[in-house]
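The values are calculated or read from the model by the stated rules, or taken from the named source; none is laboratory data. Note that the structure is predicted; figures quoted are calculated from it, not measured. Using ideal geometry, Cβ is built from the backbone for each residue, glycine included, and neighbour counts are taken over all protein chains shown.
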């Protein structure tokens with residue numbers, strides 16, 4: 001039988017009982033049973049992975065900081081390097097892409113939560129405001145998603161031309177506007193309300209009504225429709 005000294009000679013994880021080790025616990029109990037540090041450690045791999053993962057999350061301020069970090073920033077941290085930074089960024093991007101499937105092509109938007117999940121997954125970690133438009137067909141099925149504006153940390157300028165050009169070309173029947181607030185505060189600003197009113201007016205003129213304007217941060221979201229802030233259609237509409 002191996003001695004405790006042999007078990008701990010290379011890594012503290014080897015001294016743990018099987019179901020105390022992150023890999024074995026994940027295989028038996030599923031990934032939800034692991035802490036953030038343990039999940040990051042499994043992505044990192046190699047020696048002292050758990051210690052490196054804990055240091056990484058402390059340095060970045062948790063998972064939110066990890067998601068927002070650039071590959072070069074990760075690689076420069078102690079115990080990470082290029083290979084681990086690339087593995088972390090790849091894992092984060094896969095999770096983001098999976099979450100974006102909440103709004104699949106040609107699927108009807110039966111639940112507004114699908115838009116919110118998609119928006120947060122797409123824009124999470126962005127350090128500047130990004131404006132998206134979602135085009136829908138007559139059955140409110142998704143036909144296209146386009147980025148139509150990218151601004152600063154506090155604002156984004158969008159012209160109706162950039163918003164409606166792809167919608168017209170795709171033959172969209174309606175649209176949903178989406179943008180993020182990197183500050184974390186999703187309360188609509190006066191500029192947001194003015195922009196929405198302008199887009200709604202143009203949308204009715206073109207026959208492509210704007211159904212909602214969704215504002216998201218990494219951890220929150222707001223719907224102008226749910227808040228009762230969407231402008232009413234003109235009397236002749």
Flagged pairs (Cβ under 6 angstrom, 6 or more apart or on separate chains; first in the stretch 116-141, on the phi > 0 side of the Ramachandran plot and assigned by TED's automatic domain parsing to the domain that holds residue 213; second part of a strand (DSSP E or B) and surrounded by fewer than 20 Cβ atoms within 10 Å (Cβ to Cβ)) are 140/108
Test residue 214 against the criterion of being part of a loop (DSSP other than H, G, I, E, B), assigned by TED's automatic domain parsing to the domain that holds residue 159 and within 30 Å of residue 65 (Cα to Cα), and give yes or no. no
May I ask you to list the residues in the stretch 217-234 that are in contact with a helix residue (DSSP H, G or I) (Cβ under 6 Å, 6 or more places away or on another chain) and part of a strand (DSSP E or B)? 221
Among 142, 133, 103, which is the only one that is outside any helix (DSSP H, G or I) and at pLDDT below 85? 103
Residue list for the stretch 168-206, restricted to those being in contact (Cβ under 8 Å) with a residue 40 or more places away in the chain, under 23 Å from the mean Cα position of the chain (by Cα) and either outside the structural domain of residue 121 (by TED's automatic domain parsing) or not in a strand (DSSP E or B) (or both): 181, 182, 188
